[in-house]
1. Looking at the range 14-129, what strands (runs of 3 or more DSSP E) fall wholly within it and have at least 2 residues that are exposed (fewer than 14 other Cβ atoms within 10 Å of the Cβ) and touching a Phe, Trp or Tyr at 6+ places or on another chain (Cβ under 7 Å)?
2. All but one of (1) surrounded by 15 or more Cβ atoms within 10 Å (Cβ to Cβ); (2) within 27 Å of the chain's Cα centre (by Cα); (3) farther than 22 Å from Met218 by Cβ; (4) modelled with pLDDT of 95 or more hold for Lys237, so report the exception by its number.
3. Only one residue in Thr172, Thr178 is surrounded by fewer than 22 Cβ atoms within 10 Å (Cβ to Cβ), modelled with pLDDT under 95 and under 16 Å from the mean Cα position of the chain (by Cα). Which one?
4. Name every residue in the range 83-126 that is charged (D, E, K, R), farther than 15 Å from Thr72 by Cα and without any contact (Cβ under 8 Å) to a residue 24 or more places away in the chain, in order of residue number.
5. Taking the criterion of being touching a strand residue (DSSP E or B) at 6+ places or on another chain (Cβ under 6 Å) and either exposed (fewer than 15 other Cβ atoms within 10 Å of the Cβ) or closer than 18 Å to Ile48 by Cα (or both), would at least one residue in the range 293-308 satisfy it?
6. Could we say that Tyr370 is in contact with a helix residue (DSSP H, G or I) (Cβ under 9 Å, 6 or more places away or on another chain), in contact (Cβ under 8 Å) with a residue 24 or more places away in the chain and farther than 21 Å from Lys192 by Cα here?
7. Tell me, please, whether a residue that is outside the structural domain of Gly37 (by TED's automatic domain parsing), in contact with a Ser or Thr (Cβ under 8 Å, 6 or more places away or on another chain) and closer than 30 Å to Asn217 by Cα can be found in the range 275-295.
8. Given the criterion more than 20 Å from Ala182 (Cα to Cα) and surrounded by 13 or more Cβ atoms within 10 Å (Cβ to Cβ), identify the matching residue among Glu246, Glu253.
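The values are calculated or read from the model by the stated rules, or taken from the named source; none is laboratory data. Predicted model, so just to flag it, every value in this text is computed and none were measured. A quick note on method: Cβ atoms are made from the backbone with ideal geometry, for glycine too, and the neighbour counts reach across all protein chains shown.
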Amino acid sequence: MKSNTYELIAPCHFGMEAVLKREILDLGYEISAVDNGKVTFRADAEGICRANIFLRTTERILLKVAEFKAFTFDELFENIKALPWDRYIPKDGKFWVAKASSVNSQLFSPSDIQRIVKKAIVENLKQTYHQDWFAEDGAEYPLRISILKNVVTVGLDTTGISLHKRGYRKYTAPAPVTETLAAALLLLSPWKRDRILVDPFCGSGTILIEAAMIAMNMAPGMNREFTAEGWTNLIPKKEWYSAVEEASDLMEEEAEVNIQGYDIDGEVLKMARANAALAGVDKQIHFQQRDIINFSSPKKYGFVISNPPYGERLSSKKEMELLYRTIGNIIRENETWSFFLLSGFEEAHKAIGKKATKNRKIYNGMMKTYLYQYMGIKPPRH
């Protein structure tokens with residue numbers, strides 16, 4: 001018997017959709033749509049497990065229940081009530097709307113949307129299960145409702161705590177890049193594990209830890225739990241076990257890499273070392289207390305992938321300009337190196353003083369940042 005195929009929604013950082021699309025295709029799934037900040041694809045129960053465990057750049061995996069237009073709360077109620085909820089939620093299932101969002105739509109109050117959706121599902125299940133009261137003491141089925149231009153998308157959240165929580169980042173420095181964004185920056189670059197990688201503003205180490213995990217082929221979700229592990233009505237337990245087993249088999253613990261992190265702050269480096277140890281990649285990364293001014297390497301064709309300080313992390317605009325001018329000098333002095341710099345400093349490009357090969361807009365949460373890409377001279381082909 002062939003298992004059911006579902007439509008799954010994977011949200012991501014705005015500007016990183018192409019990276020996530022490539023990841024999903026590499027897992028062997030068919031893409032049905034790419035929109036701003038999300039990729040939709042088709043997969044079976046096994047695919048829900050594999051997507052949660054293997055994807056590096058998505059925030060969560062939603063099982064899409066339905067999509068419809070609604071301009072009034074009555075329409076929202078009736079459309080939700082008409083859905084086959086017993087296919088998803090068992091008699092003892094605990095269900096609620098964990099998040100409702102609305103953009104450019106007539107229905108805009110998140111708390112009202114949450115209340116009405118819950119009420120409509122209860123009414124539906126009363127008729128289906130022929131009972132008036134639900135104990136809701138079983139597995140959890142959190143819902144996410146998003147309304148964009150009056151189109152309602154209903155999704156069940158298979159993930160729970162966001163996927164950027166890999167379980168290793170106990171200690172953080174100010175203004176950190178999330179794990180999913182760090183992974184996306186790395187996958188967007190042509191860096192491969194046989195090339196040296198340096199983050200001269202490594203902070204709590206996120207970019208380098210994600211790089212080491214990529215180099216070792218370590219699945220980001222191997223050491224955490226997911227809400228849908230409790231959905232035995234939809235996903236047999238064996239599917240989770242087999243996805244974890246696949247992840248273990250693919251891991252290359254002895255991968256040789258040259259990954260280095262510098263920071264001017266010794267306390268922050270202690271956090272980075274502790275995080276790397278928690279992630280199981282401390283042997284792969286060399287951390288050093290060092291100022292960007294002292295950046296130099298005898299090696300050629302390396303990569304700098306970094307999130308230099310900006311905004312709250314530096315006290316004045318003058319300090320920022322000076323820092324970015326220093327970065328510009330380093331780029332000019334290391335012409336075989338490639339630099340990928342994510343910054344929210346509006347005048348970064350001007351202060352660096354060199355035209356980027358490419359720059360792209362990426363939203364880090366709600367903050368608009370730019371990824372400045374300076375491609376170095378390519379190594380000769382042997």
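1. Working: elements: 30-35, 38-44, 62-69, 94-103.
In the range 14-129, the matching strands (runs of 3 or more DSSP E) lie at 30-35.
2. Of (1) surrounded by 15 or more Cβ atoms within 10 Å (Cβ to Cβ); (2) within 27 Å of the chain's Cα centre (by Cα); (3) farther than 22 Å from Met218 by Cβ; (4) modelled with pLDDT of 95 or more, only one is false for Lys237: (1).
3. Details: Thr172 fails: under 16 Å from the mean Cα position of the chain (by Cα).
On inspection, the qualifying residue turns out to be Thr178.
4. Across the range 83-126, the qualifying residues are Arg87, Lys118, Lys126.
5. no
6. Working: in contact with a helix residue (DSSP H, G or I) (Cβ under 9 Å, 6 or more places away or on another chain): yes; in contact (Cβ under 8 Å) with a residue 24 or more places away in the chain: yes; farther than 21 Å from Lys192 by Cα: yes.
Yes; evaluated as a whole, the condition is true for this residue.
7. Step one: filter the range 275-295 for residues outside the structural domain of Gly37 (by TED's automatic domain parsing), giving 275-295.
In the following step, the residues that additionally are in contact with a Ser or Thr (Cβ under 8 Å, 6 or more places away or on another chain) were identified as 275, 292-293.
Keeping just the survivors that are closer than 30 Å to Asn217 by Cα gives 275, 292.
Scanning the range 275-295, I find at least one residue that is outside the structural domain of Gly37 (by TED's automatic domain parsing), in contact with a Ser or Thr (Cβ under 8 Å, 6 or more places away or on another chain) and closer than 30 Å to Asn217 by Cα, so the answer is yes.
8. On the way: Glu253 fails: surrounded by 13 or more Cβ atoms within 10 Å (Cβ to Cβ).
Of the residues listed, the single one that is more than 20 Å from Ala182 (Cα to Cα) and surrounded by 13 or more Cβ atoms within 10 Å (Cβ to Cβ) is Glu246.
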